[in-house]
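The values are calculated or read from the model by the stated rules, or taken from the named source; none is laboratory data. No experiment lies behind these values; they were computed from the predicted model shown. All Cβ positions, even for glycine, are placed from backbone atoms using ideal geometry, and neighbour counts span all protein chains on display.
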Amino acid sequence: MTKLKLRGKDLKKIGYPEATSIGLAMQIMHKHYKRTSKEEALTLLKEIMDTPENFKDHEILSPIAHEFIEVEKVIQYEETLLDRSLPYKMYGGKEIDDTAKIQMDLAMKLPIVKAGALMADAHTGYGLPIGGVLATENTIIPYGVGVDIGCRMCLTLYNIPIKYLKKHNHKLKFMLREHTRFGMRQVFEDADVDHPIFERNEFREIPFVRDLKDKAYSQIGTSGGGNHFVEFGEVELLENNEFGLPAGSYVGILSHSGSRGMGARIAQHYTRIAMSKCLLPKSAKNLAWLDLNSEEGQEYWLAMNLAGDYASACHHDIHKRLSKALGEKPVFMVENHHNFAWKEKLADGTNVIVHRKGATPAGKGVLGIIPGSMTAPGYIIKGKGSIESINSASHGAGRQMSRRRAKESLTQSFVKKYLKEHGITLIGGGLDEAPQAYKDITKVMNYQKELVEVLGKFTPKIVRMAKDE
């Protein structure tokens, strides 16, 4: 095995401070762990940094741990956590990993929290778990919203015979290649820069947001990487479906994407500000908040709403392009978003800010879409307004495999065969987005029968995603 070679910048990347801790850590690792891989060494060092108390009596590593323990003693935290987690409702707990539950327990110790809930598709995230719902008092947590602000689903339905999907498979594949763009670098040369979203005051009045306008211009109508997609599929509408349409099968287009680079930059910028102003213990630092009465809090609130509306504008542009290519007008559109925060009231009348990180609004009568995977149906739903879930439901099936695990445990040939057996045409995509990486959407929906009413299903047929980069 190659001898371990660590550099100072390697430790800085994982968060080691500019102090004796870097030199000391490198000295100890090079002496006692010289046959350890670089990845394993850095993982161990990060664990020591994050939980130094677990290593304070370690025969070899205790000197590094005590460096961080001494730093912890010096820091005077302005905010303290509650002694116990406030109670919250959990849906489908058997399907949720322990780390996500631990993250939610920690979030429920914040002194600003009034209520919380954990959805059936929950899994580990940063700060608040994906699938976490948190109601706070006059404060907003940027990482409680998430990096992809206003990420959303959008479905348009067309009065086209369902046999069109199979008969014109090649034509529809061409449409997706021509009229969708994915990832950081792909853009449209004819981007709609005259869209009303670019006339918003936030682009003039918030200096940080003003500098993001050019990026927003270039990425309008495009989709992100990862689990974002645009797909043609079959929609099955049930009776009494809210849309005034006969029950039966229709052609549909479903898209999933968010606020692109602009949203990510807003999230990163205001998270740093929150962390600098709201000093929490290390275990909870990603849950730092901004007071909505502060200038920074107001700026973030406005920027977040702008990013959410920009995400919606991107979806509308996608569907407009594809509708034009189809030569058809949609008979209805329904969309809903997650990774956002709303001003709402709890059952007792308390005014709160409800964060839904990877959770979808499900207030009474609220419409939305909860997708499955490439080979599993998504559901068109109407919220029932559950008090215990804080008017929320899952935003999808949720991951059961991390991206790394999916790439390590699955093969291209296996996934390709599986997709073929299910009649799915895939353009792009990677092993990390394989159907096996996701939970069983049927189970997830069964866990939230009291939260939503199903109005119909969407079954994917031709799927476009970003290439595996």
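Results for (1) in contact with a Ser or Thr (Cβ under 6 Å, 6 or more places away or on another chain); (2) assigned to a strand (DSSP E or B); (3) in the same structural domain as Ile253 (by TED's automatic domain parsing); (4) not aliphatic (A, V, I, L, M), shown as yes or no for each residue.
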{"residue": "Gly385", "(1), (2), (3), (4)": "no, no, yes, yes"}
{"residue": "Ser389", "(1), (2), (3), (4)": "no, no, yes, yes"}
{"residue": "Ser413", "(1), (2), (3), (4)": "no, no, yes, yes"}
{"residue": "Gly428", "(1), (2), (3), (4)": "no, yes, yes, yes"}
{"residue": "Asn446", "(1), (2), (3), (4)": "no, no, yes, yes"}
{"residue": "Val454", "(1), (2), (3), (4)": "no, yes, yes, no"}
Restricting attention to region 109-124, does a residue exist that is assigned to a helix (DSSP H, G or I), of a type outside the set (S, T, N, Q) and over 22 Å from Val352 (Cβ atoms)?
no
Do you know which of the residues in region 41-81 that are under 34 Å from the mean Cα position of the chain (by Cα) and of a type in the set (D, E, K, R) is modelled with the lowest pLDDT?
Glu72
Are there strands (runs of 3 or more DSSP E) fully within region 309-373 with at least 3 residues that are not aliphatic (A, V, I, L, M)? List them.
332-337, 340-345, 351-357
Residue pairs meeting the criteria (Cβ under 7 Å; at least 6 apart or on separate chains; first at pLDDT 95 or above and surrounded by 19 or more Cβ atoms within 10 Å (Cβ to Cβ), in region 317-340; second part of a loop (DSSP other than H, G, I, E, B) and polar (S, T, N, Q)):
Ile318/Thr180
Can you tell me which residues in region 41-55 are in a helix (DSSP H, G or I), closer than 14 Å to Gly15 by Cα and polar (S, T, N, Q)?
Thr43
Failed condition for Leu237, given (1) at pLDDT 95 or above; (2) under 30 Å from Glu299 (Cα atoms); (3) out of contact with any His (no Cβ under 7 Å at 6 or more places or on another chain):
(2)
Residues located in region 410-469, provided they are farther than 19 Å from Ser223 by Cα, of a type in the set (A, V, I, L, M, F, W, C) and in contact with a strand residue (DSSP E or B) (Cβ under 7 Å, 6 or more places away or on another chain):
Leu419, Ile424, Ala437, Ile441, Val444, Met445, Leu451, Val452, Val454, Leu455, Phe458
Checking the conditions here, which among Ile253, Ile206 is hydrophobic (A, V, I, L, M, F, W, C), within 30 Å of Glu453 (Cβ to Cβ) and in contact with a helix residue (DSSP H, G or I) (Cβ under 6 Å, 6 or more places away or on another chain)?
Ile253
Failed condition for Glu295, given (1) modelled with pLDDT under 95; (2) over 28 Å from Ile370 (Cβ atoms), with all others met?
(1)
Being of a type in the set (Asp, Glu), over 15 Å from Val209 (Cβ atoms) and buried (at least 17 other Cβ atoms within 10 Å of the Cβ), is that true of even one residue in region 292-314?
no
For Phe243, the lone unmet condition from (1) outside any loop (DSSP other than H, G, I, E, B); (2) over 26 Å from Ala107 (Cβ atoms); (3) out of contact with any Pro (no Cβ under 7 Å at 6 or more places or on another chain) is (1)
